[in-house]
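Data first, discussion second: the structure below is written as structure tokens.
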Amino acid sequence: MVQVLKFSHASLVRDGHSVVSDLNWDVTSDQRWIILGANGAGKTSLLDMAAGWDIPTSGQVTVLDEDLATADPEWLRPRVGYASSSMAKRIPPTETVSDAVITAAYAAAERRGEQFEDIDIRRARRVLAEWRLEGFSDRTLVSLSEGEAKRMQIARSIMTDPELLLLDEPTAGLDMGSREEILQMLGYFAGNPSAPAIIMVTHHVEEIPRGFTHVLLMKDGTAAHAGPIDSTLTEANLSDVFGVKISLFTNNGRYSAQATL
Ligand SMILES: Nc1ncnc2c1ncn2[C@@H]1O[C@H](COP(=O)(O)OP(=O)(O)OP(=O)(O)O)[C@@H](O)[C@H]1O
């Protein structure tokens, strides 16, 4: 087990607005984390730092043994997979699924006429098959359904075989069948001991896949509660961070919740 992330009193100020404040958090390679919190709690800002896209204004963030204050972002980028809809928007909609996935290995958002290496082509084929996209290789991104697009984002984020995988709301906006399909795939992936450390942001406890081990509950830019999911994902902690009374139900490794207003 290796430490992959360490936040020590990390704060992030954007345009004079404090978005993350004095946050302490450790993640090791065997852990799979869920981040939950109200809108604006700072979840995406935290992921942006974990990806090395943003450096803390004060405190220290270490990603894969690299202090972000001195790390070379180009060196870090292939080692951290980051799937989110804002990242996906950087890829031209006319790009094919196959090119959108394989260009991750070249730290690019689109194909610019380069010849891909055989090893990358083989890896892309394998990743596409793993995420049930083999029949979609030649389709353009604009032609994909929401569920297919989300699977493409995940496939692209793991193309480089990263040591840390960040997923920002991978099931947002999906119908129930597509959501369950991705949750099942993520559950299998999380259960594989050779998978990287995974950190997934979601708004709903119903979207926590089986196999996730830890939860970080954010409130006002801070880590209000963090630890093993069984002892940390509680009605009291959820009620604290969402500011309403929440009832939590568990069923066979999955969760559901109801708020009482
Ligand atoms: N560039 C910026 N300038 C000023 N404030 C910002 C900036 N970026 C983010 N914020 C603010 O920081 C806070 C945290 O934003 P962030 O997107 O990290 O929250 P979040 O928990 O991911 O929210 P959501 O659940 O709605 O996606 C929000 O109040 C947001 O308005």
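Nothing in this text is a laboratory measurement; each read-out follows from the coordinates by a stated rule. Keep in mind that this is a model prediction, so the values were computed, not measured. Glycine also receives a Cβ, built like all others from the backbone with ideal geometry; neighbour counts cover every protein chain displayed.
Listed here are the residues, each with its yes/no results for (1) in contact (Cβ under 8 Å) with a residue 24 or more places away in the chain; (2) of a type in the set (A, V, I, L, M); (3) surrounded by fewer than 18 Cβ atoms within 10 Å (Cβ to Cβ); (4) in contact with a helix residue (DSSP H, G or I) (Cβ under 9 Å, 6 or more places away or on another chain).
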{"position": "S143", "(1), (2), (3), (4)": "no, no, yes, yes"}
{"position": "M159", "(1), (2), (3), (4)": "yes, yes, no, yes"}
{"position": "T171", "(1), (2), (3), (4)": "yes, no, no, yes"}
{"position": "Q184", "(1), (2), (3), (4)": "yes, no, yes, no"}
{"position": "I199", "(1), (2), (3), (4)": "yes, yes, no, yes"}
{"position": "R210", "(1), (2), (3), (4)": "yes, no, yes, yes"}
{"position": "V215", "(1), (2), (3), (4)": "yes, yes, no, yes"}
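Read through the list (1) without any contact (Cβ under 8 Å) to a residue 60 or more places away in the chain; (2) under 30 Å from A257 (Cα atoms), then give the number of the only condition that V19 fails.
It is condition (1) that V19 fails.
Here's a check for you: in region 53-75, which residue that is more than 16 Å from the ligand (Cβ to nearest atom) and buried (at least 19 other Cβ atoms within 10 Å of the Cβ) is nearest to T202 (Cα to Cα)?
V63
Could you say which residue among R132, R79, R126 is surrounded by fewer than 16 Cβ atoms within 10 Å (Cβ to Cβ), among the basic types (K, R) and touching a residue at least 40 places away in the same chain (Cβ under 8 Å)?
Step by step, each of R132, R79, R126 is checked, and only R132 is surrounded by fewer than 16 Cβ atoms within 10 Å (Cβ to Cβ), among the basic types (K, R) and touching a residue at least 40 places away in the same chain (Cβ under 8 Å).
Out of L36, L23, L12, I need the residue that is within 14 Å of the ligand (Cβ to nearest atom) and either touching an Asp or Glu at 6+ places or on another chain (Cβ under 8 Å) or in a loop (DSSP other than H, G, I, E, B) (or both). Which one?
Testing whether each residue is within 14 Å of the ligand (Cβ to nearest atom) and either touching an Asp or Glu at 6+ places or on another chain (Cβ under 8 Å) or in a loop (DSSP other than H, G, I, E, B) (or both) leaves just L12.
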